[in-house]
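Bear in mind that the values in this text are calculations on the coordinates, not laboratory data. Keep in mind that this is a model prediction, so the values were computed, not measured. Positions of Cβ are generated from backbone atoms using ideal geometry, with glycine treated the same way; all protein chains shown enter the neighbour counts.
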Amino acid sequence: MDSHFETQLNELKQRLLTMANHAETALSRAMQALLQRDAALAAEVKESDRIIDRFEIEIDDLVIQQLTKAPLATDLRLVTAAIKIAHNLERVGDEASKIAKRAADLCREPPIKIQVDVPGLAALTIDLLKAALDALGHSDPATARAIIPRDKEVDLLNLQIHRTLAEYMVGHPDTIKRCLHWMVVAKSLERIADHATNIAEDVVYLYTAEEIRHTGAKSGGVS
């Protein structure tokens with residue numbers, strides 16, 4: 001392999017992993033701001049979204065430079081998968097920023113007197129995202145494949161949270177605005193889990209050349 005191309009490929013990998021770290025940190029800090037009612041931290045998270053956006057632009061530029069240079073199929077898969085993974089990470093950043101905005105709004109209101117398992121949903125979502133990013137960093141398609149069926153757990157918990165909040169709003173109309181904020185947070189977490197699943201699917205494709213999106217092969221063994 002041409003040494004200059006190899007250097008660029010390594011740079012692409014590092015940029016992608018650094019972007020992944022920023023997205024994961026943004027989500028964790030957004031949830032911290034929400035659960036600790038920390039308006040200042042929420043503002044910091046919203047501001048940091050610009051960094052993630054900039055990483056996506058830089059990765060897109062690197063991909064464009066390398067698309068015509070990839071001499072091997074494995075290299076070409078990395079280059080093409082990188083742009084999809086970067087897009088999903090950018091969307092994670094956007095959803096983290098949305099959670100931070102709702103956290104700032106909720107800081108200005110009294111807490112609602114109902115327990116909904118948003119912390120549990122957040123923990124599950126963060127775990128899925130971490131696992132997908134670890135699979136990417138360690139070139140581990142088996143771990144990536146195992147992540148994908150777990151997205152259903154997130155969907156079910158999100159649905160449960162929405163039902164609980166909807167029922168509470170009926171009996172407590174003065175809480176509608178605050179409950180809607182919590183619903184948006186739960187939906188953002190569900191979307192982040194979707195993006196984590198997309199990343200996991202891309203990792204499987206990257207290291208096995210197997211396209212498992214929209215197929216029944218997601219829960220099968222690694223070929």
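Some points to look at:
- Placing +1 on the Cβ of every Lys and Arg and -1 on the Cβ of every Asp and Glu, with nothing else charged, gives region 127-208 a dipole about its Cα centre of roughly 260 debye.
- Residues of type aspartates and glutamates that Lys187 reaches as a straight line, Cα spacing below 20 Å, ignoring anything fewer than 8 places off in the same chain: Glu24, Asp49, Glu90, Asp94, Glu95, Asp105, Asp117, Asp127, Asp151, Glu153, Asp155, Glu167
- Burial ordering of Arg50, Arg77, fewest other beta-carbon atoms within 10 Å first: Arg50, Arg77
- Whole-Å semi-axes of the ellipsoid equivalent to region 3-208 (Cα gyration tensor, √5λ, descending): 36, 18, 11
- Taking Cα centre as origin and charging only the Cβ of basic (Lys, Arg, +1) and acidic (Asp, Glu, -1) residues, the dipole magnitude of region 3-208 rounds to 480 debye.
- In the chain, taking the dipole from charged Cβ atoms about the Cα centre, the farthest positive-side position among Leu136, Gly120, Thr175 is held by Thr175.
- Fewest-first ranking of Cys107, Cys179, using other Cβ atoms within 10 Å as the exposure measure: Cys107, Cys179
- Distance in nm between pseudo-label sites at Asp155 and Glu211 (7 Å out along the Cβ direction from Cα): 2.2 nm
- Taking the chain and dividing mean pair separation by its residue count, relative contact order in percent (alpha carbons under 8 Å, at least six apart): 25 percent
- Under 15 Å, Cβ to Cβ, from Val184 - net charge with Lys/Arg +1 and Asp/Glu -1: +3
- Residue pairs, from the table Lys113/Lys177; Lys113/Lys152; Lys13/Lys46; Lys152/Lys177; Lys98/Lys130; Lys46/Lys101, whose Cα atoms sit over 18 Å apart: Lys113/Lys152; Lys13/Lys46; Lys152/Lys177; Lys98/Lys130
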